[in-house]
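To keep things clear, I will list the structure first and then write my remarks on it.
The values are calculated or read from the model by the stated rules, or taken from the named source; none is laboratory data. Every value quoted in this text rests on a predicted model; they were computed, and no experiment measured them. No Cβ is skipped: glycine too gets one built from the backbone with ideal geometry, and neighbour counts run over all protein chains shown.
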């Protein structure tokens, strides 16, 4: 699929059924109600990647007192390894710069090497771990942090970035 056909948009409640469908293929899926609650967080932000074919990915996050946290990033299985995770992150960086966030944190499954590689490519540093953080299936989490104090978006080479 041509990357120009996929648009990065602000998430709405109408997106939740498609997001929930993607969630069902994740190791620790959120419930439909959890997704809806996340969408209602007062300081939350959330974006989707969509084309005429449907939903390809999404991200949920929150910013409090200058610190952002990515709470969930997912790409539909058939569209992984095509730079879409990077496109979502690039859109988030632009959003966080406007919010004057100085850092961004997240937890990632220790065994999720593909996600860890994506975050490291986007200049996240491992700053700690949480043993037994994930319950179903059981697993440890790495805590990653990105310094945003002098942040500029990092466009993917040869790929169109998300539109605002």
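Just one of (1) in contact (Cβ under 8 Å) with a residue 24 or more places away in the chain; (2) assigned to a strand (DSSP E or B); (3) closer than 23 Å to residue 112 by Cβ fails for residue 9. It is (3). One residue stands out among those in the stretch 12-63 that are in contact (Cβ under 8 Å) with a residue 24 or more places away in the chain and out of contact with any helix residue (DSSP H, G or I) (no Cβ under 9 Å at 6 or more places or on another chain): the one that is nearest to residue 102 (Cα to Cα), which is 38. For the stretch 116-128, the criterion of being in a strand (DSSP E or B), within 24 Å of residue 41 (Cα to Cα) and either over 13 Å from the mean Cα position of the chain (by Cα) or at pLDDT 95 or above (or both) is satisfied by no residue at all.
Looking at residue 111, is it part of a loop (DSSP other than H, G, I, E, B) and modelled with pLDDT under 90? Answer is no for this residue.
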